[in-house]
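Participant: Dumping the structure here so I can ask a few things about it.
The values are calculated or read from the model by the stated rules, or taken from the named source; none is laboratory data. Given the structure is predicted, the values throughout are model-derived calculations rather than measurements. FYI the Cβ positions are ideal-geometry reconstructions off the backbone, even for glycines, and counts take in every protein chain you see.
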Amino acid sequence: MVHLNDKITQFFNNRWLVFVAAMWIQSCAGVGYVFGSISPAIKRSLNYNQQQVSRLGVAKDLGDSNFLGYGVVWLVVTGRAPALPLWAMCVVIFVGTNGETYFNTAALVSCVQNFPKSRGPVVGILKGFAGLSGAILSQIYVLIHSPDSASLIFMVAVGPAMVVISLMFIVRPVGGHRQIRSSDGKSSSVIYCVCLILAAYLMGVMLVEDLVDLNHNVIIIFTVILFIILLIPIVIPIWLMFAQEPEDDVHEALLTEEQKEGVDLLPATERQKRIAQLQAKLCQAAAEGAVRVKSRRGPHRGEDFTLMQALIKADFWLIFFSLLLGSGSGLTVIDNLGQMSQSFGYDNTHIFVSLISIWNFLGRVGGGYFSEIIVRDYAYPRHLAMAVGSVHNGIWSLFYGHGLTSFIMSGLCILAVILSMTLVYRTKVVYANLYRKSRT
């Protein structure tokens with residue numbers, strides 16, 4: 001009985017369980033990407049023009065999923081509450097989407113600290129699932145089979161909060177060794193296989209539902225299979241805890257640690273001798289006025305900062321304004337996707353939201369994977385990859401904006417991949433600069 005309790009404790013403290021739970025949270029955390037599906041209902045119900053819908057999208061982007069905000073939007077759209085002025089709608093959708101920021105922060109920071117050696121793939125996969133949440137929520141909406149498009153808003157208001165509340169005690173930094181283990185390669189391969197299978201499955205289901213008039217029972221089966229695929233990664237922590245032999249303390253101590261630089265490779269006596277010589281020379285130089293010893297004020301780059309320490313640093317504000325001024329084009333496409341698809345003559349906007357979500361997911365997973373290759377194998381900075389992705393993003397945005405209806409599908413897919421890879425590079429750069437343990 002004691003052995004079983006130890007196993008259960010180890011299971012809940014397993015970093016792979018935290019990673020899987022973070023994937024599930026991210027699967028419903030990207031509600032901002034569903035705005036393209038709900039904006040036509042808002043526009044039709046409240047008689048908004050396109051400029052007002054765009055302002056509402058800006059408020060959504062500034063907030064970036066809790067029931068309070070989207071619950072009010074649902075009440076207004078369905079007529080259960082009196083219509084609000086535009087500024088009030090901007091406030092409630094700002095509040096509603098603001099929960100997504102907390103979901104991302106909890107999931108990303110916890111997993112980055114638990115997997116310091118695999119930062120790029122971890123960020124790419126988690127952000128990928130956030131992008132895929134649009135397709136997942138759209139499939140659940142199809143399952144509900146409601147003719148009222150406002151019911152999607154209610155699902156967005158309630159669903160993510162229920163998932164996060166059920167998993168909030170699991171997603172956290174866990175203790176223990178965080179080096180790369182022999183089992184990490186197999187576990188990562190399983191995660192990547194699940195990602196590819198999930199994207200391919202959703203793509204196939206989306207096309208079948210769009211081309212064929214399916215029975216509701218078939219849609220239920222499709223959705224159940226979707227949930228089964230999402231649950232497959234839980235096998236990893238179960239296998240690690242219950243199928244493998246426990247590693248003893250001696251083996252834990254033999255795990256490869258990061259080697260120290262330079263002086264730590266010397267024998268202990270020689271190291272102490274050199275340190276003493278350097279200290280003597282420094283004291284002598286300080287006494288003669290050759291050097292001035294300054295008291296240290298706050299942490300240096302690469303170390304942990306508190307919020308107040310970060311707010312007085314120029315690096316923090318440089319990152320802030322870079323994201324504020326450089327991330328608008330892709331979000332504009334996503335926010336106005338519903339109106340753009342209708343302008344091309346497509347009444348069903350859900351297929352386009354699902355399409356850009358699926359390729360967004362693949363682009364983010366690939367962005368996290370290739371960003372590690374660029375940095376570790378070729379020693380190029382991530383900022384270079386981000387710049388290249390931004391250029392491609394602009395090119396394909398022009399291609400999409402020229403109104404080539406016959407190429408709308410392919411253009412949207414390519415744009416989604418480039419856009420998502422750019423967003424992953426930006427996200428990785430931000431976390432690499434703000435958190436010491438995710439620094440390259």
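This table checks each residue for (1) surrounded by fewer than 23 Cβ atoms within 10 Å (Cβ to Cβ); (2) part of a helix (DSSP H, G or I); (3) within 13 Å of the chain's Cα centre (by Cα).
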site	(1), (2), (3)
Leu75	yes, yes, no
Arg80	yes, no, no
Glu100	no, yes, yes
Cys111	no, yes, yes
Lys117	yes, no, no
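Participant: Evaluate the stretch 274-286: report whether one residue or more is at pLDDT below 70 and surrounded by fewer than 10 Cβ atoms within 10 Å (Cβ to Cβ).
Facilitator: No, the stretch 274-286 contains no residue that is at pLDDT below 70 and surrounded by fewer than 10 Cβ atoms within 10 Å (Cβ to Cβ).
Participant: Would a scan of the stretch 139-161 turn up a residue that is over 30 Å from Val333 (Cβ atoms) and either modelled with pLDDT under 75 or more than 17 Å from the chain's Cα centre (by Cα) (or both)? Steps first, answer last, please.
Facilitator: Here is the first cut: in the stretch 139-161, the residues over 30 Å from Val333 (Cβ atoms) are none.
No, because not a single residue in the stretch 139-161 is over 30 Å from Val333 (Cβ atoms) and either modelled with pLDDT under 75 or more than 17 Å from the chain's Cα centre (by Cα) (or both).
Participant: Exactly one condition in (1) surrounded by fewer than 22 Cβ atoms within 10 Å (Cβ to Cβ); (2) modelled with pLDDT of 70 or more is not met by His383; state its number.
Facilitator: Just one mismatch for His383, condition (2).
Participant: Shifting gears a bit: Report yes if Ala29 is modelled with pLDDT of 75 or more, in a loop (DSSP other than H, G, I, E, B) and within 30 Å of Gly124 (Cβ to Cβ), otherwise no.
Facilitator: Values: modelled with pLDDT of 75 or more: yes; in a loop (DSSP other than H, G, I, E, B): yes; within 30 Å of Gly124 (Cβ to Cβ): yes.
Criteria met by Ala29.
Participant: A further question on this structure: Please go through the stretch 173-190 and give me each residue that is part of a loop (DSSP other than H, G, I, E, B), surrounded by fewer than 16 Cβ atoms within 10 Å (Cβ to Cβ) and modelled with pLDDT of 75 or more, ordered by number.
Facilitator: Pro173
Participant: Do you know which residues across the stretch 209-231 are in a helix (DSSP H, G or I) and modelled with pLDDT under 85? Steps first, please.
Facilitator: Going residue by residue through the stretch 209-231, those that are in a helix (DSSP H, G or I) are 209-211, 216-231.
Of everything in the stretch 209-231, those that are in a helix (DSSP H, G or I) and modelled with pLDDT under 85 turn out to be Glu209, Asp210, Leu211, His216.
Participant: Do we find a residue being in a loop (DSSP other than H, G, I, E, B), surrounded by fewer than 14 Cβ atoms within 10 Å (Cβ to Cβ) and at pLDDT 70 or above anywhere in the stretch 50-60?
Facilitator: Let us first name the residues in the stretch 50-60 that are in a loop (DSSP other than H, G, I, E, B), namely none.
Scanning the stretch 50-60, I find no residue that is in a loop (DSSP other than H, G, I, E, B), surrounded by fewer than 14 Cβ atoms within 10 Å (Cβ to Cβ) and at pLDDT 70 or above, so the answer is no.
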